[in-house]
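The values are calculated or read from the model by the stated rules, or taken from the named source; none is laboratory data. Note that this is a predicted model, so its numbers are computed, not measured. Cβ placement follows ideal geometry from the backbone for every residue including glycine, while neighbour counts extend to all protein chains displayed. Each accessible area value is taken on the protein alone, full model and side chains, heavy atoms only, with ligands, DNA and RNA left out. Shrake-Rupley method; radii C 1.70, N 1.55, O 1.52, S 1.80 Å.
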Amino acid sequence: MQENIWRKDFPILETKVYGKPLIYLDNGATSQMPSQVINRIYEHYQKEHGNIHRGIHYLSEESTKAVEDTRELVKNYINAKNVESIIFTQNTTDSINIVAASIGLENDGGGIVTTEMEHHSNFVPWQQACKHSGRQFFVSPVVDGELDIDELENILKNNSIRLVACAHVSNVTGTVNPIKRVIELAHKYGAEVLIDGAQGILHLPVDVEELGCDYYCFSAHKMIGPTGVGVLYGKTDCLEKLEPVRYGGGMVDEVLEENTTWGNLPYRFEAGTPNIGGIIGLGEAIKYLMEHDVELIRKYEDYLLNYAYEKISSIEHVKILGHPAKRAGAISFVVDGAHPYDIASMLDKAGIAVRSGSHCAQPILRTFDVTATVRVTPNFYNTREEIDYFCQTLDKVINMLRKYSI
Ligand code: PMP
């Protein structure tokens with residue numbers, strides 16, 4: 001595989017931690033930004049910052065244009081049919097909460113299905129919406145890190161279901177779910193589908209038209225953009241049916257003492273001043289990916305993840321969680337005789353950033369009968385040499401921890 005041609009664009013990767021070169025393998029939590037994105041945000045605040053959709057003055061118009069250009073970029077990036085389908089939110093969690101809270105206001109009585117694989121962000125909002133609305137809450141099972149599609153179909157067949165909420169990619173095992181199949185099944189039984197794309201949007205091509213999903217949610221900060229910005233994609237007919245759950249400026253049509261009517265899509269779901277600089281940063285992140293051959297980026301990521309998988313599996317006492325047919329972004333493992341927190345903190349002292357804990361996904365960890373794992377999530381700016389160094393260090397750390405624990 002060729003040399004890494006993208007790494008030089010990510011200045012943070014030059015950082016030294018405890019005097020050692022940083023090896024950043026926690027991209028599943030948040031990715032790093034290239035200079036192009038950082039500079040674009042800086043430029044926005046230096047030269048064009050004003051509030052959007054409000055003032056008839058130069059700065060307001062420049063900012064509005066930059067935000068609306070980003071909406072168009074997002075639309076094209078995920079192949080949505082309409083810009084009205086692209087709603088800017090704070091993050092994936094916020095996008096899911098908007099849909100869940102709104103569906104919680106309806107009284108059709110249909111159940112909600114999530115899966116054992118979900119991040120808490122795609123679990124708790126639905127659980128709570130069901131609790132408050134009296135809908136039934138179903139959790140479709142996961143076996144060895146993969147969805148049990150037959151069980152999902154049984155739930156759909158035997159109950160009236162309003163919506164299925166499912167991850168594109170698990171943030172724990174890296175399992176790439178057969179979401180096209182999930183969407184087809186849900187539609188067959190009359191349910192809508194929301195896809196949590198937090199871990200899918202960078203590593204996989206996303207074509208919402210082709211997938212046919214009703215909602216797709218993601219965060220800018222997991223796709224080399226800034227924190228504080230997310231996207232809620234919704235089919236326009238689905239969004240038209242949803243009641244807004246956030247009220248205020250920018251989302252209304254007419255405000256009378258006795259009632260208020262809502263503005264058009266997508267603004268109806270964007271109450272208040274959004275994260276203007278962040279949205280513009282997201283636009284620049286998408287431009288970066290498109291201009292730097294996103295297909296090649298994904299091929300390289302696949303290669304690096306497979307390389308890491310092979311090397312980590314060959315380390316003694318390591319057990320990788322799940323063996324999915326298709327994996328993207330993440331490898332989680334436990335070590336016989338060494339706690340994930342101890343491993344992660346010793347790796348940190350060697351300059352290596354990995355994640356340890358439950359990854360906000362307690363239900364799936366329970367299916368493996370563990371409470372914490374170490375998680376490694378490389379991105380396209382990581383290198384084979386970094387994986388080699390990580391594996392050598394991990395091996396040493398395991399030996400040291402096991403020696404003192406026995
Ligand atoms: N879903 C998945 C699968 C995730 O990995 C994450 C982030 N770890 C989220 C949802 C939540 O993302 P955010 O914190 O950006 O809202």
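Take W126, W262 and sort them by solvent-accessible surface of the protein heavy atoms, 1.4 Å probe, largest at the top.
Numbers: W126 0, W262 75 Å².
Output order, biggest surface exposure first: W262, W126.
Would you kindly find the accessible area of V83, with a 1.4 Å probe and non-protein molecules such as ligands, DNA and RNA excluded, rounding to the nearest 10 Å²?
The value for V83 is about 40 Å².
Can you tell which of P21, P125, F380 lies farthest toward the positive end of the dipole of the chain, using +1 and -1 charges on the Cβ of basic and acidic side chains (Lys, Arg; Asp, Glu)?
P21
When only C-alpha pairs under 8 Å and at least 6 residues apart count, what is the relative contact order of the chain, in percent?
On the way: 794 pairs, mean separation 93.8, N = 406.
Relative contact order for the chain comes out at 23 percent.
Between the range 159-220 and the range 273-315, what is the C-alpha centre distance in whole Å?
Going from one Cα centre to the other spans 19 Å.
Quick check for you: with a 1.4 Å probe and neighbouring chains kept, what is the accessible area per residue of the range 335-406, in Å²?
Ligands and nucleic acids excluded, the result is 45 Å² per residue.
If you find the alpha carbon centre of the range 343-370 and of the range 10-86, how far apart are they in angstrom?
Value for the Cα centre distance between the two parts: 29 Å.
Run the 1.4 Å probe and let me know the accessible area of D293, rounded to the nearest 10 Å².
80
Show me the helices of the chain, taken as full DSSP H stretches, that run 18 Å or more along their long axis by Cα and average 0.5 or above in Kyte-Doolittle hydropathy. Provide the component values of the computation, followed by the final result.
Details: long enough: 58-77 (28 Å, -1.06); 92-105 (20 Å, 1.05); 276-291 (23 Å, 0.97); 294-313 (28 Å, -0.47); 384-405 (31 Å, -0.63).
Sorted by number, the helices that extend far enough and score high enough are 92-105, 276-291.
Mind checking which aspartates and glutamates have their Cα closer than 15 Å to the Cα of K222? Skip sequence neighbours fewer than 8 apart in that chain.
Correct list for K222: D26, D94, D196, E284, E301.
Which net charge results when you count Lys and Arg as +1 and Asp and Glu as -1 among the other residues whose beta-carbon is under 12 Å from that of V374?
Details: positive: K319, R355, R375; negative: D26, D342, D348.
Spelling it out: positives minus negatives among the neighbours equals 0.
Stretched out fully, how many nm does the piece from T383 to D108 gain, at 0.36 nm a residue minus the Cα gap?
93.9 nm
Past 24 Å, Cα to Cα, is the threshold; run K311/K349; K326/K396; K47/K81; K349/K403 against it and keep the listed order. Spell out each step's value before the answer.
Values: K311/K349 21 Å; K326/K396 30 Å; K47/K81 32 Å; K349/K403 19 Å.
K326/K396; K47/K81, as the Cα separations exceed 24 Å there.
For E151 and E257, FRET efficiency with R0 = 60 Å and r from the beta-carbon atoms, rounded to 0.05?
0.70
In a Gaussian network model over the chain where Cα atoms closer than 10 Å are linked, find which of I297, I56, I331 has the largest mean-square fluctuation.
In this elastic network of the chain, the residue with the biggest mean-square fluctuation among I297, I56, I331 is I56.
In debye to the nearest 20, how big a dipole does the range 37-290 give about its Cα centre with +1 on each Lys and Arg Cβ and -1 on each Asp and Glu Cβ?
Details: 20 positive and 35 negative charges, 66 e Å.
The dipole of the range 37-290 has a size of about 320 debye.
How large is the accessible surface of K222 in square angstrom, using a 1.4 angstrom probe and rounding to the nearest 10?
Only protein atoms counted, so the area is about 40 Å².
On the accessible surface of the range 37-290, probed at 1.4 Å, how many percent belong to carbon and sulfur atoms? Before the final figure, lay out the partial values.
Working: 4770 of 10140 Å².
The nonpolar share, carbon plus sulfur, comes to 47 percent.
Would you grab the residues whose amide H sits under 5 Å from the one on R327? Only those 5+ places off in sequence or on another chain, please, with H modelled 1.01 Å from N.
Under 5 Å from the amide H of R327 lie the amide H atoms of V176, each far enough along the sequence or on another chain.
Please list, in chain and number order, the residues 5+ apart from A165 or on another chain whose amide H is under 5 Å from its amide H, with Hs placed from the backbone.
Amide H neighbours of A165, under 5 Å, 5+ apart: V113, T114, L194.
Any idea of the accessible area per residue across the range 14-143, 1.4 Å probe, to the nearest Å²? Can you show the working numbers first?
Details: 5960 Å² over 130 residues.
About 46 Å² of surface per residue is accessible.
Treating the range 331-406 as a set of equal point scatterers at the Cα positions, no solvent, please give the Debye-formula log₁₀ I(q)/I(0) at q = 0.11, 0.12, 0.15, 0.28 Å⁻¹.
Log10 of I(q)/I(0), two decimals: -0.29, -0.34, -0.53, -1.34.
Have a look at M346, M251, M290 and tell me which one the Gaussian network model of the chain (Cα, springs below 10 Å) gives the largest fluctuation.
Top of the fluctuation ranking is M290.
Based on the Cβ-Cβ distance of Q127 and Y341, what FRET efficiency does E = 1/(1 + (r/R0)^6) give at R0 = 35 Å, to the nearest 0.05?
Details: r = 27 Å, r/R0 = 0.78.
After rounding, the FRET efficiency stands at 0.80.
Which shape class, rounded, prolate or oblate, goes with the chain when its Cα gyration tensor gives a ≥ b ≥ c as root eigenvalues, a/c under 1.5 marks rounded, and past that a/b bigger than b/c marks prolate? Can you show the working numbers first?
Values: a/c = 2.09, a/b = 1.27, b/c = 1.65.
Cα axes put the chain in the oblate bin.
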